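> Let me give you the structure first, and then I'll get to my questions.
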Amino acid sequence: MRLKSKLLKTLGALLAVVFLVSITQVSLPGAFAQGGDIFADTGPETSDSGDKAPVHVKVRMIADRDALVPGGKIRLGIVYDLEPHWHIYYKEPGDAGMPTSIEWNLPAGFQAGELIWEKPSRFSDAGIVTYGYQGRMVLAADVTVPDKGIKPGEKVEIRALTKWLSCKDICIPGQAEASLTLPVSASAGDSPDKKDLDRPGFTGSVDEPGKGSGSAATSGSGTAAAPDPEPESMKGLAYYFLFALVGGFILNFMPCVLPVIAIKVMSLIEQADEEPARVKLLGAVFSAGIVSAFLVLASLVLLVRAAGESVGWGFQFQYPGFIIAMCVIVLLLSLSLFGLFYFSFSAGQDKLDQLSQKEGLTGSFFKGVLATTLSTPCTAPFLGTALGFAFSQPAWVVLGIFFASGLGMSLPYLVLTAFPALMKRIPKPGAWMEKFKESMGFILLGTVIWLLGVLGSQVGESGVMWTSFFLLTVSLSAWMVGRFIDLSSSRTRKIKIWTLALLVSLAGFYLCIWQQPVLISSLDAAEARTGDEIEWQPFSKTALESALADGKTVFLDFTADWCLTCKAYEKTAISTRPVIEKMKELNVLPMQADWTKRDPEITEALARFKRSGVPLYVVYPAAHPDKPLTLPDFVTTEIVLDYLEKAGPSKN
């Protein structure tokens, strides 16, 4: 009776927790303006106070020679020093951005050639790809010096006007004049800046980034533009392969692998009659079988990815639905390391057994393939995590990563067949292996936390909370399968448990994902943008005042065609089904201020909000048109919906 009472109390407490969770609401505070101007100050902004826009790019002119020689040539350049996380654009900026330009103001007789560029970095945000530079960039041109009109001993001033678009959270057009005074001489030497002017020289196409010469600008990006997943330097690529090699080597310490290493090596030694050269050859062929198995898996990954891209998986880690799916996969893989269940693959294993029984090189090769296959109950969790990584990499990197992983796993066989005496140093199998395997599960749980962090930057805190609840139901389902099904379970029992576990996960998906607008809209990025599009009204101060006088709630979007951040937010946060439906429900008038051509009226409006660039999103409530609400710099669908709710419906 006392046990029954405790169970009832526990159940009641659980129901109370569920109820509290169900009514939890996460909202972001709005910034309410004071005053009666429709362009009133709406609270703290990131830009500096005052009339002048903050400068995020500093420029100066340099030359590769210390003097001008009549009839000779000199290379001139503009150095752009950018603040951290800001970037400017290449001559082919991509889907957004604006090319950096130089207008030379040269003395009579001087002639400047075409601009010479450094190799750009590639940036991607929400499927929008651009090309540009971060940190420090040099843009150069070769200038011909006239042989007449200037004499040794004179000084000549060279001037230039350069224009650029700098982007981080917002995009700000900028321009500056730079000048350089050089003496005229019969001969000239190298200047201290010559090394910088040797950097430009990229002649390839952004569509074929491997061609051409010239160094790439510093890789990376700010909040608005994430670097494209492909490696931007040999150093970065080396890190990818090194981690894959180490990861493959760690697989050898799994309980399914370590105990058989010595057995496999001894069989190779016996087969070769202990002849050292033959042992080494068989070890190399055995290792080739392991690497081949990894490359087959990599090829399957590429096929699956190609099929996925054909149905719209192009956004990958910029696509919240993909991240949620990866969270589920990595979570299940971590639970398998903790021993809840195991992965096993038997397809084609009989044929592999037959091939591995053969003597010689063929048998050794398929022994390696079979060894990899048999180790999958322990290695699959790690390989499964690699699958998610592979979805965001170019094909050659995917093949290289899996090759390095296979090489890492085969290292013990290569080393031990070359030096059999080292087998005495192999750790003895024991209970420690199971503990080691379980400890690796925490690494995968750390990966889940990282993925949730990436998701949070796209769907906000509320989206992460509901996704975490969904992952909890998935964990409960996995626990049910692992604890109530074993090898002795009947087919009927397995069907019942699996059905119940599936229902629990489906219920979690329905309550925590499907019923949450910010998440369900992200599960199909293409679907979220199809159907009704937002019918934007062009901005003017007169049109805005007229709409507010008519009692309209107005959503004002300051944007530009060259603004990468604007395009990303329009795709992922604004032109989504929930926002479109909410605007219709509240009868909100969407108005767009297109700053592509630097309209003075829009420039003035931005300045009144203490902004020097775009994007900027403002909602004017019909009930209080003199108190506009300015959205934060970082925008998600959830935030837009929250501000529309705060603004309320139009009066008519």
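The values are calculated or read from the model by the stated rules, or taken from the named source; none is laboratory data. All figures in this text were calculated on a predicted structure; none of them were measured in a lab. FYI the Cβ positions are ideal-geometry reconstructions off the backbone, even for glycines, and counts take in every protein chain you see. For accessibility, only protein heavy atoms count, side chains too; no ligands or nucleic acids. Shrake-Rupley method; radii C 1.70, N 1.55, O 1.52, S 1.80 Å.
> Mind computing the radius of gyration and Dmax over the alpha-carbon atoms of the range 125-190? Å is fine for both.
Rg and Dmax of the range 125-190, Cα atoms, are 18.3, 57 Å.
> Let me ask something else. What is the packing order of peptides 112-118, 129-135, 398-404, taking the mean over residues of other C-beta atoms within 10 Å and listing the highest first? Walk me through the numbers on the way to the answer.
Working: 112-118: 16.9, 129-135: 23.4, 398-404: 21.0.
Output ranking for 112-118, 129-135, 398-404: 129-135, 398-404, 112-118.
> Using modelled backbone amide H atoms (1.01 Å from N, in-plane), which distant-in-sequence or interchain residues come within less than 5 Å of residue 116's amide H?
Placed amide hydrogens put 140, 141 under 5 Å from residue 116.
> Test of understanding: express the Cα radius of gyration of the range 556-599 as a ratio to 2.2 N^0.38 Å, with N the residue count.
Against the compact-globule rule of thumb, the ratio is 1.25.
> Provide the net charge surrounding residue 459, with neighbours chosen by a C-beta distance below 13 Å and charges set as Lys +1, Arg +1, Asp -1, Glu -1.
Summing Lys and Arg as +1 and Asp and Glu as -1 gives -3.
> Ok, one more. Accessible area per residue for the range 550-647 in Å², computed with a 1.4 Å probe and the full protein assembly in place, what is it?
33
> Still on this structure, I have one more. Please list, ordered by chain and number, the residues whose modelled amide H lies under 5 Å from the amide H of residue 97; skip anything fewer than 5 residues away on the same chain.
562, 563, 564
> Still on this structure, I have one more. I'd like to know how the range 431-522 sits against the 2.2 N^0.38 Å rule of thumb: what's its Cα Rg over that expected value?
It is 1.33.
> Restricting things to alpha carbons, tell me how big the range 610-652 is in terms of Rg and Dmax, in Å.
11.1, 34
> From the backbone phi of the range 398-405, what are the Karplus-calculated ³J(HN,Hα) couplings (6.51 cos²θ - 1.76 cosθ + 1.60, θ = phi - 60°) in whole Hz, Gly and Pro given as x?
4, 4, x, 5, 5, 4, 5, 5
> Hey, another quick one. Residue-wise, which Karplus ³J(HN,Hα) couplings in Hz belong to the range 282-299, taking 6.51 cos²θ - 1.76 cosθ + 1.60, θ = phi - 60°, and x for glycine or proline?
With coefficients 6.51, -1.76 and 1.60, one gets 5, x, 5, 5, 4, 5, 4, x, 5, 4, 4, 4, 5, 5, 4, 4, 4, 5 Hz.
> Also, I was wondering about something else. Amide H to amide H, which residues 5 or more places from residue 56 or on other chains are under 5 Å from it, using H placed in the peptide plane?
The list, which skips near neighbours in sequence, is empty: none.
> What ³J(HN,Hα) values, in whole Hz, does the Karplus curve 6.51 cos²θ - 1.76 cosθ + 1.60 give for the range 501-507 when θ = phi - 60°, with x put for Gly and Pro?
With coefficients 6.51, -1.76 and 1.60, one gets 5, 5, 5, 4, 5, 5, 5 Hz.
> Based on alpha-carbon centroids, what's the gap between the range 434-501 and the range 593-652 in Å, whole number please?
With the range 434-501 and the range 593-652 each reduced to a Cα centre, they are spaced 41 Å.
> Taking the alpha carbon gyration tensor of the range 565-643, what are the square roots of 5 times its eigenvalues, largest first, to the nearest whole Å?
Working: eigenvalues 88, 52, 26 Å².
The answer is 21, 16, 11 Å, longest axis first.
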